[in-house]
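Everything on this sheet refers to the single structure shown next.
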Amino acid sequence: MGPAIALTAWSSLLTGVNTQAVGELGNIADEWRNFVGLRLKEDVAFLQRLTQSTGPDQVLAAYADFWRKAGEDYSNEIATMTKLMTDMTNKMAVAGQSATEEASTKLFYREAA
C-alpha cells in the first residue's frame with residue numbers, strides 16, 4: 001500500500017469523526033456555559049440573602065438552602081453532562097465505523113485498479 005492510499009484512508013476516517021466531534025463538543029460547551037451562568041445567579045442571590053439576614057437562624061437557613069440547591073444543581077448537571085458525553089461517544093463511534101468502512105472501500109478499489 002502506497003503512502004497516498006494510506007493518507008486517503010486516514011483522511012476519510014479523521015474528517016468524519018472530527019466533524020461529528022466539533023458539533024457535539026459545541027453542545028457540551030453550551031450546556032456547561034448555561035449551567036455556570038445559572039449557578040452564578042444562585043451565588044449572587046445567596047450573598048444578597050446573607051446580607052439581608054438579621055439573625056443567626058436566617059444565616060444558617062440561607063447556608064442550608066444554598067448548599068441543598070447547589071448539591072441538587074450539580075448532581076443534575078453531572079447527569080446531563082454524562083448523557084451528553086455518552087451520546088457524543090456513541091455518535092463518534094458510529095461515525096468512526098462509517099469512515100473506516102468508507103476508507104476500506106476506497107482502499108480496496110484503489111488496490112484493485
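Descriptive notes on the structure:
- Matching residues in the range 52-62 - criterion: being exposed (fewer than 14 other Cβ atoms within 10 Å of the Cβ) and within 19 Å of L40 (Cα to Cα): Q52
- Residues of the range 43-58 classified as part of a helix (DSSP H, G or I) and either modelled with pLDDT under 95 or out of contact with any Lys or Arg (no Cβ under 9 Å at 6 or more places or on another chain) (or both), total: 11
- Within the range 40-52, residues that are touching a residue at least 12 places away in the same chain (Cβ under 8 Å) have Cβ atoms under 6 Å from residues that are surrounded by 12 or more Cβ atoms within 10 Å (Cβ to Cβ) and among the hydrophobic types (A, V, I, L, M, F, W, C) in these pairs: F46/F66; R49/A62; L50/A62, counting only partners at least 6 apart in sequence or on another chain.
The values are calculated or read from the model by the stated rules, or taken from the named source; none is laboratory data. From a predicted model like this one, the values you see are computed outputs, not experimental measurements. Note: ideal-geometry Cβ built from the backbone for every residue, glycine included; neighbour counts use all protein chains shown.
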